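> Have a look at the structure that comes next, please.
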Amino acid sequence: MPPQADRVLPDRLLFYCRPGFEADMASEITAQAEALGWIGRAEGQAQSGFVQFVALEDRPINEFHRDLLLARLIFARQSLVALPPLTMSRDDRLAPIVEQVVAAGWSFEAVWHETPDTNEGKALAGLIKALTRPLESALRKRGGLRRKAGGRRLHLFWTDGDCVQLGMSFPGNRSELPGGIRRLRFPKGAPSRSTLKLEEAWHEFIPRDEWEIRLAEGMQAADLGAAPGGWTWQLVERGMHVFAIDNGPIDKMLLATGMVEHLREDGFVWEPPQRLDWLVCDIVDKPARVTAMMLRWLERRWCREAVFNLKLPMKRRWQEVTRCLLMLQEGLDQAGVTVELRCRHLYHDREEVTVHVRLLD
Ligand SMILES: C[S@@+](CC[C@H](N)C(=O)[O-])C[C@H]1O[C@@H](n2cnc3c(N)ncnc32)[C@H](O)[C@@H]1O
């Protein structure tokens, strides 16, 4: 541990997000900081794919990080405690990194190199590959990289060939995926790429060891705005019977499974013949309209769990989502319905977010 005077203290949090969503990420963090009593400024250049919250007070920033659960944030793919960015000479990139680690007194069990989710970021892959081994060996020698260090991981976030930012993540409050991105293979036979949005939602919201119970064979589901059938395909893959509601055509192979009843009806007014296990909805419409329809289903307990998308073509996306989530939560509170409610901007989402609701009583 360096003497107190030479220590570099983390003074900021670093969040990865989808390029183009920096303003939403910054609004979200600003609101969270206010709610948790932190003064600071959120900064994120448009299309950069990341946002920093720089604290303007003298408390350990780790406390803010600990109180801010990644699973509860909407736009963050990853959340790290971070040091100020390092700009270095291209002749020696290792020494400044190692010195900053030593000055921070950081120790960790793994080192991950990451970049923003941009073309410029991808172009840094070769450099990162060349640095990985020598850097790990240098960090091991100086005691930063250890066999046991509380599961902590060092993230080296490269924004350019001569610019890197060091961040730390902690087990239980981080994404375990590089870049916070869940890459999924497009399943053979699925009728649309949208299918990956529902698959990712399940990975995100339902623990793997609960899939057999909560996504079980023989369950009944409805898919509103189902055509051509990407989401229905996922439900059928799990052995569910699906009411597929859409005026548009549903994939023929999917209909041939005998598991799908295609109804050419309006998803906003259709009512299920009995209580269902799942409701999913990917209709492109105003977020408030979709939310009101979901509220109607959930108040009446027409389904046990729901996944739906809120499409966000507007500028102030965070404000719009927050308004809808509040409307939903307040409506459910008034109806005396207790739920688990989460909302995330998934990797396979574009101008939309995915909401998951589960009835708890
Ligand atoms: C984004 S697509 C759904 C894609 C689908 N999730 C998939 O994976 O293939 C939206 C669908 O919503 C349907 N839609 C729009 N308004 C609707 C309504 N009021 N009721 C039912 N379907 C509607 C459209 O016809 C369109 O097929």
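> Separation between the D58 and Q45 pseudo-spin-labels, each 7 Å from Cα along Cα→Cβ, expressed in nm?
3.3
> Over all distinct alpha-carbon pairs, what is the Kirkwood Rh of region 146-248 in angstrom?
Details: mean 1/r = 0.0600 Å⁻¹.
This gives a value of 16.7 Å.
> A further question on this structure: At W112 and E217, where each label point lies 7 Å from the Cα along Cα→Cβ, what is the point-to-point distance in nanometres?
3.5
> Take every Cα pair under 8 Å in the chain that's 6+ residues apart, average their separations, divide by the length, and report that relative contact order as a whole percent. Mind dumping the intermediate values first?
On the way: 698 pairs, mean separation 48.5, N = 361.
Reported as a whole number, the value is 13 percent.
> Taking +1 at the Cβ of each Lys and Arg and -1 at the Cβ of each Asp and Glu, which of A335, I283, G189 sits farthest along the dipole of the chain towards its positive end, judged by Cα position relative to the Cα centre?
G189
> What FRET efficiency comes out for L36 versus T322 if R0 is 22 angstrom and r is the Cβ-Cβ distance? Round to the nearest 0.05.
For L36 and T322, the calculated efficiency is 0.85.
> Turning to a different aspect of this structure: Semi-axes, largest first, in whole Å: what does sqrt of 5 times each Cα gyration tensor eigenvalue give for region 306-361?
Three semi-axes, in Å: 22, 13, 6.
> Can you work out the FRET efficiency for the pair D91 and E120, with r the C-beta to C-beta distance and R0 = 25 Å, to the nearest 0.05?
Plugging the Cβ-Cβ distance into 1/(1 + (r/R0)^6) gives 0.70.
> Suppose only helical runs count, i.e. DSSP H with n ≥ 4. What mean residue ellipticity at 222 nm does that imply for the chain under -39500 (n - 2.57) per run, divided by all residues and rounded to the nearest 500 deg cm²/dmol?
-9000 deg cm²/dmol
> Taking the Cα centre as origin and putting +1 on Lys and Arg beta-carbons and -1 on Asp and Glu beta-carbons, what dipole magnitude results for region 4-180, to the nearest 20 debye?
880
> For L69 and N173, calculate 0.36 nm times their separation in residues minus their Cα-Cα distance, and state this gained length in nm to one decimal.
Length gained between L69 and N173: 36.8 nm.
> If you average 1/r across every pair of different Cα atoms in region 4-180 and take the reciprocal, what Kirkwood value do you get, in Å?
One decimal place: 16.4 Å for the Kirkwood radius.
> Between K148 and K286, how high is the FRET efficiency from 1/(1 + (r/R0)^6) when r is the Cβ-Cβ distance and R₀ = 51 Å? Nearest 0.05.
Rounded to the nearest 0.05, the efficiency is 0.50.
> Sequence neighbours fewer than 8 away in the same chain don't count; with that in mind, list the lysines whose C-alpha is under 18 Å from K252.
Qualifying lysines at Cα under 18 Å: K188.
> Write down the Kirkwood hydrodynamic radius of the chain, to one decimal in angstroms, obtained as one divided by the mean of 1/r over all alpha carbon pairs. Let's see the in-between values first.
On the way: mean 1/r = 0.0451 Å⁻¹.
Hydrodynamic radius (Kirkwood, Cα only) of the chain equals 22.2 Å.
Values in this text are rule-based calculations from the coordinates and carry no lab data. Remember, it's a predicted structure, so these values are computed and weren't measured experimentally. FYI the Cβ positions are ideal-geometry reconstructions off the backbone, even for glycines, and counts take in every protein chain you see.
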